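The values are calculated or read from the model by the stated rules, or taken from the named source; none is laboratory data. Source: prediction; values computed, not measured. We place every Cβ from the backbone using ideal geometry, glycine too, and count neighbours over all the protein chains shown. Keep in mind that these areas ignore ligands, DNA and RNA; they rest on the heavy atoms of the full protein, side chains included. Shrake-Rupley method; radii C 1.70, N 1.55, O 1.52, S 1.80 Å.
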Amino acid sequence: AHLIKSLPKAKYGGRHTVTMLPGGGIGPELMSYVREVFRYAGVPVDFEEVPIDPSNDSNEDLEYAITSIRRNGAALKGNIETKSLSPNVISRNVAIRNELDLFVNVLHCTSFPGIQSRHSDVDIVVVRQNTEGEYAMMEHESVHGVVECLKVVTRENSDRVARFAFDYAKRHGRKKVTTIHKANIMKSSDGLFLAVCREVAKQYPDIQHNDMIIDNCCMQLVSNPHQFDVMVMPNLYGSIVSNVICGLIGGAGLLSGRNYGYEYAVFEPGTRNTGSAIAGKNIANPISMMNSAADLLHHLQLENHAVWLREAIDKTINVDRIHTPDLGGQATSMDVVKNIITFMQAKTKN
Ligand code: ADP
Ligand code: MG
């Protein structure tokens, strides 16, 4: 992982400092569970917490958050709600990714054997362009009643994300990369993305490459997800495809997503939900944030702790089957967290 390992990390006296952006809805409670697990397991990570007030239209909090991530190199993040619909108030989530040039989002989607879902044995890696496309945040009303939104596709960003996808496939012994697009309609923008992916594919003769239109891709995913290996796509399709796959294997509460650039890494739940309706009820599934925390530990090269946390998640969900209501179970968030802590404590003592 040449791209990832070279990233700077704040480390003083053997302890890491990481930015924590709790976000809104279930974000703060999920973060408190991560703190608890880290404390009981003796994980040498200190969090610098930066709350962002969504009702405050100024961007002061946002700027402080970005400064903190620049200093620490890495962050753990909940979803930040954008309450205002005013075009002057930008999505902080998008702003953070764009500002820090976190040009790729990676979701490794694998089935949980202990969860009943529409398909089993799914193992797909979604590599998503994370900073442009429809998320360039360039919308305007040109004349009254006519709104234009610029979808931006650049050769440079398409090339970086395509290279990331093929490198990932190579490093992880995967066989195929599928480019997802709508180049039949958006001939110039998605056409460029597809053309660049085809160019990059030529440099990886050992990896198969094919492409698929986003509409067909959604149908293929729900009917036969096993045909996919690594997928690479522009930003908006990435959001849709990630949600479809998460739905196939058990919903929003399970998987994590990783945002990388050349300089910084931000870890957050895969489908980026705020979960306002279930906040404060002790029913949110903590697993997606636990998986994000495991990704963070791996990134910090705290490999033992990362492996133990992944094992704890596996045991809790697949063996002990402690499931929150979103998975059809009756367990509380705290039941899940306690089980993880018990496992982690046993590992740390040995
Ligand atoms: P958004 O933030 O995109 O509006 P929501 O917060 O409405 O998304 O979440 C989408 C759905 O996923 C909701 O039904 C929500 O309850 C569910 N959800 C999201 N995260 C979790 C979680 N960690 N545990 C259980 N359900 C979740
Ligand atoms: Mg919502």
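What the table shows:
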quantity: Estimated inter-spin distance, K83 and S55, nm [label 7 Å along Cα→Cβ]; calculated: 0.4 nm
quantity: When each of K151/K202; K77/K281; K11/K202; K77/K151; K9/K170 is checked by Cα-Cα distance, pairs over 30 Å; calculated: K11/K202
quantity: Enclosed volume per residue, in Å³, of the convex hull spanned by Cα atoms of segment 25-69; calculated: 62 Å³
quantity: Rg and Dmax of segment 176-278, Cα atoms only, in Å; calculated: 15.0, 48
quantity: Reciprocal mean inverse distance between Cα atoms of the chain - Kirkwood radius, Å; calculated: 20.8 Å
quantity: Computed E for T110/S142 - FRET, C-beta separation, R0 56 angstrom, nearest 0.05; calculated: 0.80
quantity: Heavy-atom accessible area per residue - the chain, 1.4 Å, Å²; calculated: 44 Å²
quantity: Rounded percent of accessible protein surface that carbon and sulfur make up, segment 87-242, 1.4 Å probe; calculated: 52 percent
quantity: Surface share of carbon and sulfur [accessible, 1.4 angstrom probe, percent] for segment 1-82; calculated: 48 percent
quantity: At 0.890 mPa s and 25 °C, Stokes D of segment 272-350 from Kirkwood alpha-carbon radius, µm² per second; calculated: 188 µm²/s
quantity: Descending Cα extents along the principal axes, segment 93-209, whole Å; calculated: 53, 38, 31
quantity: Accessible carbon and sulfur surface of segment 258-350 relative to its total accessible area, %, 1.4 Å; calculated: 50 percent
quantity: Förster radius 41 Å - calculated FRET efficiency between D121 and K11 (Cβ-Cβ, nearest 0.05); calculated: 0.60
quantity: Accessible area in the full protein assembly, largest first, 1.4 Å probe, for R118, R174; calculated: R118, R174
